[in-house]
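The values are calculated or read from the model by the stated rules, or taken from the named source; none is laboratory data. If you're wondering where the values come from, they're calculated on a predicted model, not measured in any experiment. For neighbour counting, all protein chains shown are included, and Cβ atoms are generated from backbone atoms with ideal geometry for every residue, glycine included. Only protein heavy atoms, including side chains, enter the accessible area calculation; ligands, DNA and RNA are left aside. Shrake-Rupley method; radii C 1.70, N 1.55, O 1.52, S 1.80 Å.
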Amino acid sequence: MSPMRHELSHEAEYQKGVKRLYENGIKHVPRKYILPETDRPNENSRSAKLNVKLPEIDCAQLKGPNRDGVLASLAYACENYGFFQLTNHGIPEEVINHMSDMSKRFFELPFADREKYMLSDMRSPVRYGTSFNQINDDVFCWRDFLKLVCDPQPDVLSHWPRSPIDLKESGVAYAKATKLLFLSLVQAILESLGIRGGDDGILKELENGSQILVMNCYPPCPEPELTVGMLPHSDYGFLTLLLQDEIRGLQIHHQDHWVTVEPVPGSFVVNVGDHLEIFSNGRYKSVLHRVLVNSSNYRISVASLHSLSFTSTIQPSSTLIDESNPRRYKDTDFSSFLEFVKSRDSTKKNFIESRKLYRK
Ligand code: OGA
Ligand code: NI
């Protein structure tokens, strides 16, 4: 064994992330990242070749005379896909470009600069990490990430990385714009569920809710058929707004197949999270998704995760439950999630399954 291979074979090295492995010129995927055969993305299977064009929601039309038509499309998308592509969202191109550009530059920083933020505390306002849950994962994923908690401001900002120099400015502008977009989407979603604005106080709760930006980096992988960038999971939270670059990788589980989401420049991929599934009492479902890696391209994505505040409890909307449609989910808060994540496998839909009152 060469000194390099020997060094890389140590568990401690894997904790430092895959960007570093790739930069060290790794030629084979280490055993730590090799999935059991049944969990591997099978490039040759028929289903892996399917691409899907997500239902498109035109945000500008939500403000026009066709609002009802768009609300019907929104309901259709949330019920049948759990995902949609959001176009004409009105966030200035430069806000988006600064964010994706800054994300790229963060991952290009020397490892010593990124390492400072490798903290194991799940509640930390900033956390650099690798894999899915690097404390628990038996098999590691081919992904590094930076999580930025966006509120309460300005308190959290003093914890955010100092470099790249424009990280705070770009991150704050992006967080602000996506939060406003999220809130206008929530209004539309409530309406699509037949809930009037003020009912349940959910809108207020979400206005004062939490937002986390996750910058994901998927370096090229020498043997992409043996591993994944992210394991199948659903998102904790109400909605996720995802910015993906032009490199394919995101797949959603749709009608029993894994299908690849075609990148649409200038738009967001939006998906239903576990909180919305609970709130809608199961009418809208969070959908499993995963990320594949490839051998030639870096892929960068930025997910904006929107949830209730860390101290709030989510429950099915009182408007949506009655004797013939009883509540299907337990009250759920962030502590129950943290407890679950610490002790159990939080991939697949394991967490939300654990919150169900009845199993079908
Ligand atoms: C996530 C996620 C998808 C992607 O961050 O939860 O699913 O394409 N990301 O990076
Ligand atoms: Ni996700």
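Please specify each residue of segment 316-339 satisfying the condition of being of a type outside the set (Val, Ile, Thr) and buried (at least 18 other Cβ atoms within 10 Å of the Cβ).
Pro316, Ser317, Leu320, Arg327, Arg328, Tyr329, Phe334, Phe337
How do the helices (runs of 4 or more DSSP H) wholly within segment 38-120 filter down when requiring 3 or more residues that are open to solvent by 70 Å² or more (accessible area, probe 1.4 Å): which remain?
Once the helices (runs of 4 or more DSSP H) in segment 38-120 are filtered for at least 3 residues that are open to solvent by 70 Å² or more (accessible area, probe 1.4 Å), what remains is 67-80, 93-108.
Using the structure shown, decide if Ile252 is assigned to a strand (DSSP E or B), touching a residue at least 24 places away in the same chain (Cβ under 8 Å) and over 29 Å from Leu167 (Cα atoms).
yes
Please work out if Pro222 is away from ligand 1 (no atom under 12 Å from the Cβ), in a loop (DSSP other than H, G, I, E, B) and surrounded by fewer than 23 Cβ atoms within 10 Å (Cβ to Cβ).
yes
Take the residues in segment 279-304 that are within 16 Å of ligand 2 (Cβ to nearest atom) and of a type in the set (Lys, Arg), then tell me which one is surrounded by the most Cβ atoms within 10 Å (Cβ to Cβ).
Checking each candidate, the answer is Arg299.
Taking the options Gly237, Gly266, name whichever one is on the phi > 0 side of the Ramachandran plot, more than 10 Å from ligand 1 (Cβ to nearest atom) and either in contact with a strand residue (DSSP E or B) (Cβ under 8 Å, 6 or more places away or on another chain) or in a strand (DSSP E or B) (or both).
Among Gly237, Gly266, only Gly266 is on the phi > 0 side of the Ramachandran plot, more than 10 Å from ligand 1 (Cβ to nearest atom) and either in contact with a strand residue (DSSP E or B) (Cβ under 8 Å, 6 or more places away or on another chain) or in a strand (DSSP E or B) (or both).
Check whether at least one residue in segment 269-280 is in a helix (DSSP H, G or I), within 12 Å of ligand 1 (Cβ to nearest atom) and within 23 Å of Leu71 (Cα to Cα), and report yes or no.
So far as segment 269-280 goes, yes, one or more of its residues are in a helix (DSSP H, G or I), within 12 Å of ligand 1 (Cβ to nearest atom) and within 23 Å of Leu71 (Cα to Cα).
Any residue at all in segment 247-256 that's under 14 Å from Gly229 (Cα atoms) and either more than 17 Å from the chain's Cα centre (by Cα) or open to solvent by 10 Å² or more (accessible area, probe 1.4 Å) (or both)?
Within segment 247-256 (the criterion being under 14 Å from Gly229 (Cα atoms) and either more than 17 Å from the chain's Cα centre (by Cα) or open to solvent by 10 Å² or more (accessible area, probe 1.4 Å) (or both)), the answer is yes, since at least one residue qualifies.
Among (1) of a type in the set (S, T, N, Q); (2) part of a helix (DSSP H, G or I); (3) modelled with pLDDT under 95, there is one condition Ser170 misses while meeting the rest; what is its number?
Going through the list (1) of a type in the set (S, T, N, Q); (2) part of a helix (DSSP H, G or I); (3) modelled with pLDDT under 95, Ser170 breaks only (3).
Taking the stated definitions as given, is Ser307 within 16 Å of ligand 2 (Cβ to nearest atom) and of a type in the set (S, T, N, Q)?
Spelling it out, Ser307 is indeed within 16 Å of ligand 2 (Cβ to nearest atom) and of a type in the set (S, T, N, Q).
Consider Ser295 carefully, then state whether it is part of a loop (DSSP other than H, G, I, E, B) and touching a residue at least 40 places away in the same chain (Cβ under 8 Å).
yes
For segment 141-167, give me each residue that is more than 16 Å from Ser304 (Cβ to Cβ) and open to solvent by less than 60 Å² (accessible area, probe 1.4 Å).
Answer for segment 141-167, where residues must be more than 16 Å from Ser304 (Cβ to Cβ) and open to solvent by less than 60 Å² (accessible area, probe 1.4 Å): Cys141, Trp142, Arg143, Asp144, Leu157, Pro161, Ser163, Pro164, Asp166.
I'm checking my understanding of the structure. Among residues of segment 197-215 that are in contact (Cβ under 8 Å) with a residue 60 or more places away in the chain and over 21 Å from Val156 (Cα atoms), which one is farthest from the chain's Cα centre (by Cα)?
Filtering segment 197-215 for residues that are in contact (Cβ under 8 Å) with a residue 60 or more places away in the chain and over 21 Å from Val156 (Cα atoms), the one farthest from the chain's Cα centre (by Cα) comes out as Asp199.
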